[in-house]
Amino acid sequence: MKKIAMIIIAVCGLLLTGLTYFRTDLAGEQVGEIVDRQVREVSLGKTVDEYKNHDERRLQTLHVRILSGQHRGKTYRVQDTYVSSQLLTQRYRPHQRVLVGFVKGKAKLLGIKRDWVLVLALTVFICLLAAVASRHTIILLVSMGINWLLFYGIVCWDIAENGTRTFLIYGTACLLFAGISLFLAQGWSAKMLLTLAATLLSSLLAFLSCYLIMKLTHESGIKYEAVEYATQNPRSLFLAQTILGLLGAVMDEATDLVTSLQELAQQNPHLSKWEFFKAGCSLGQDIMGPLINVLVLIFMAAELPMTILYLRDNNTLHYTFQFALSLGIVQSLISAVGIVINVPLTAAGSMLFLHRTSKEAAK
């Protein structure tokens, strides 16, 4: 049955990917196709800045056939400039589908049409999810969909409040994210309530303890102005980012621990409370290390491009750390504290509730 479901998902996903690729009736956008077999390029000159960074500006001459809108069927000659590093510009290639805009009757390239890539990636993800989660796939997808809609609503709420209640808004979002996700994944049960309580309590204790340290040190060395694209209070945005990241890490660990301890309680109902607690702490130690390393690797991956740019522009390591790395490291440390605190809390909660339940069932 699982194989049949995966085949159906794959076939439907590939068909939808093809339809998306050939779709041209995009709202507010006109789609074109580069008809050149070989794009003509000329160099506009090489540049070297004061830090010896080399780059080159190049001019492309392309012919684009319009596939939608009032200019459909017409072919336009378009020139586009890009730099070889492609940091802020991009190079176009033959037969790519592109988004085209018109300024005073003159065609201008707006970007590559990439919506079909997202559909293909989503197809692969759902296939893999069906292979692993089996019958729980639909529930997980519904949970993800609800969380996306909830996130959109929370962001709209934040915009409506003009950034005046940022932390309150995203603190409320954490409660909703955790409650809805766990309820849909586990149902209304003692296991779900225990996981939710351990997640929220660990997140709260970790955040409050780290926030207290920040206040005692007068938040020295924390450069809130390094928050990217901050259009409102950067400090509030940083705290909101921190508590959301903390929730994700702690909920992941709490779910793994409670599930493992519930299985242990069912298989070994005659364990003493102390043995059960020690088993929970031992499981937590095995989970804790890899999870903290995952957080560090995710942080490193996210900040690697900006770190390279800072260092390539001849900034010192100290300056690069302050403005490209410090906020991410603080967030990673707070999440790591939450992961550590969560282990004894979850083990203790499981000892009080899961262990007692398994004892009663064994009688």
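Quick notes
- Cβ-Cβ under 8 Å pairs, at least 6 apart or on other chains, the stretch 107-134 side over 27 Å from residue 81 (Cβ atoms), far side in a helix (DSSP H, G or I) and of a type in the set (Ser, Thr, Tyr): 119/17; 119/20; 120/17; 123/17; 126/137; 129/137; 130/137
- Filter result for the condition that a residue is outside any helix (DSSP H, G or I) and crowded, with 16+ Cβ neighbours inside 10 Å, over 283, 271: 271
- Filtered by the rule that a residue be surrounded by fewer than 14 Cβ atoms within 10 Å (Cβ to Cβ), modelled with pLDDT of 85 or more and not β-branched (Val, Ile, Thr), the stretch 22-40 gives 22, 37, 38, 40.
- Residues of the stretch 49-58 satisfying the condition of being surrounded by 10 or more Cβ atoms within 10 Å (Cβ to Cβ), not in a strand (DSSP E or B) and not aromatic (Phe, Trp, Tyr): 49, 53
- A single member of 320, 357 is assigned to a helix (DSSP H, G or I), among the hydroxyl-bearing types (Ser, Thr, Tyr) and modelled with pLDDT of 85 or more, and it is 320.
- Any hit, the stretch 161-182, residues being acidic (Asp, Glu) and either assigned to a helix (DSSP H, G or I) or surrounded by 15 or more Cβ atoms within 10 Å (Cβ to Cβ) (or both): no
- The residue that is modelled with the highest pLDDT, among those in the stretch 211-227 that are among the aliphatic types (A, V, I, L, M) and within 24 Å of the chain's Cα centre (by Cα), is 222.
- Residue 46 being part of a helix (DSSP H, G or I) and either among the basic types (Lys, Arg) or assigned by TED's automatic domain parsing to the domain that holds residue 67 (or both): no
The values are calculated or read from the model by the stated rules, or taken from the named source; none is laboratory data. This is a predicted model, so every value here is computed, not measured. With ideal geometry, Cβ positions are generated from the backbone for all residues, glycine too; neighbour counts draw on all protein chains shown.
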